[in-house]
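Written below as structure tokens is the structure these notes are about.
The values are calculated or read from the model by the stated rules, or taken from the named source; none is laboratory data. Model, not experiment: these values are computed from the prediction. Note: ideal-geometry Cβ built from the backbone for every residue, glycine included; neighbour counts use all protein chains shown. The area values use the complete protein model at the heavy-atom level, side chains included, leaving out ligands, DNA and RNA. Shrake-Rupley method; radii C 1.70, N 1.55, O 1.52, S 1.80 Å.
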Amino acid sequence: MTGQNKMAKTSGEAPKIKLNDGNEMPALALGTFLGMENGVIVSKENELVNVIVEAIDIGYRHIDTAFIYNTEAEVSKALSTAFDKGATKREDVFVTTKLWNTHHQCDEVEEALRSQLNTLGLTYVDLYLMHWPMGFHSNNTYSDVDYMETWKGLENAKMLGLTKSIGVSNFNKEQLARLLAEGYVKPAALQIEIHLLNVESELVSFAQSHGITVMAYSPFGSLVKRFGQMFPGPKCDDPALLPIANKYDKTVPQIALRWLVQRNIVPVFKTLNHSRLKSNMDIFDFNLTDEEMKILGSFDSDTKYTLPSFWQDHPHYPFKKIPKPLPSPFIN
């Protein structure tokens, strides 16, 4: 339960975490990546727009998107709808988006972000992340551009005021260490996959020891369906987890989110289910004990669901190589 004193609770909203550049990030984020099925899944009939608007109405103040998710236009529509109601202003909502791999040349970063801002209908984002350390050409063949060159582009974007904070996603410890050693601006955030089966203790500790806020995508892991199917691992009726949830009158997904929050990690979850919006926000009124934290962390098996091994021959691929690479894209 370390670091809770870093959070400032706001009534009706998630607490906020102070970033290393002085900006504040809400400690819970609504993600907008809807998955892959013959390409990126797009919501129908304003489904995602309506969820984002409702999320803002009930107190969410952090929306996470990316160029590759193809949801920035829907985020724009939702934000415009929320702002038009008058109860929420632009400065109240923390917007995170990400640079895609085909814009890694230093001078391409500003152009990419300006285009994304146009789609989002914003003059700035609160956090801009390098989505992956790997650069591609426009035809998706590998580029040998160094991610340090890309980082210079993000630093320039910050200096221009196009983004308040900058960070990275899907970097390993060595890549993050190099960024810290050679970069001019320290990353404010690191977004990686973390859940009960992928605890990432070493990387999280390293990042946090350098004042970098860690964000966790896929925070529910095996507890919920991914792309319509269940994967091996603990479920919502797990005999070790259910008693903990019952003790606090919570669900197992809620205690999984709380486990992350108490590690000073910002969960980034996605849902089109309106009822889950409220339950996922309802995690700030209890504390897990140290023993309960250990139980939740005991499922670790270094299992990643986002493992783009079809890219593993790229010189900046961040994960361990596997003998049989995946045949199709699986991107977060």
Within the stretch 247-266, identify whether any single residue is free of Cβ contacts under 8 Å to residues at least 24 places away in the same chain and under 21 Å from A27 (Cα atoms), and answer yes or no. no
Criterion: open to solvent by 10 Å² or more (accessible area, probe 1.4 Å), of a type in the set (D, E) and over 18 Å from the mean Cα position of the chain (by Cα) - qualifying residue of D126, D107: D107
Might you let me know whether the stretch 12-24 holds any residue that is under 23 Å from I265 (Cα atoms), surrounded by fewer than 23 Cβ atoms within 10 Å (Cβ to Cβ), aliphatic (A, V, I, L, M) and at pLDDT 95 or above? yes
Residue identified as polar (S, T, N, Q) and either open to solvent by less than 40 Å² (accessible area, probe 1.4 Å) or part of a loop (DSSP other than H, G, I, E, B) (or both) among S43, S80: S43
Answer yes or no: is there a residue in the stretch 240-251 that is of a type in the set (A, V, I, L, M) and in contact with a Ser or Thr (Cβ under 6 Å, 6 or more places away or on another chain). yes
Identify all residues within the stretch 266-311 that are open to solvent by 70 Å² or more (accessible area, probe 1.4 Å) and over 15 Å from Q254 (Cβ atoms); write none if there are none. K270, H274, D290, E291, K294, S298, D300, D302
If I filter the stretch 181-239 down to residues being aromatic (F, W, Y) and more than 17 Å from the chain's Cα centre (by Cα), which single residue comes out as surrounded by the fewest Cβ atoms within 10 Å (Cβ to Cβ)? Y184
Given the criterion touching a strand residue (DSSP E or B) at 6+ places or on another chain (Cβ under 9 Å) and closer than 25 Å to V204 by Cα, identify the matching residue among N287, N264. N264
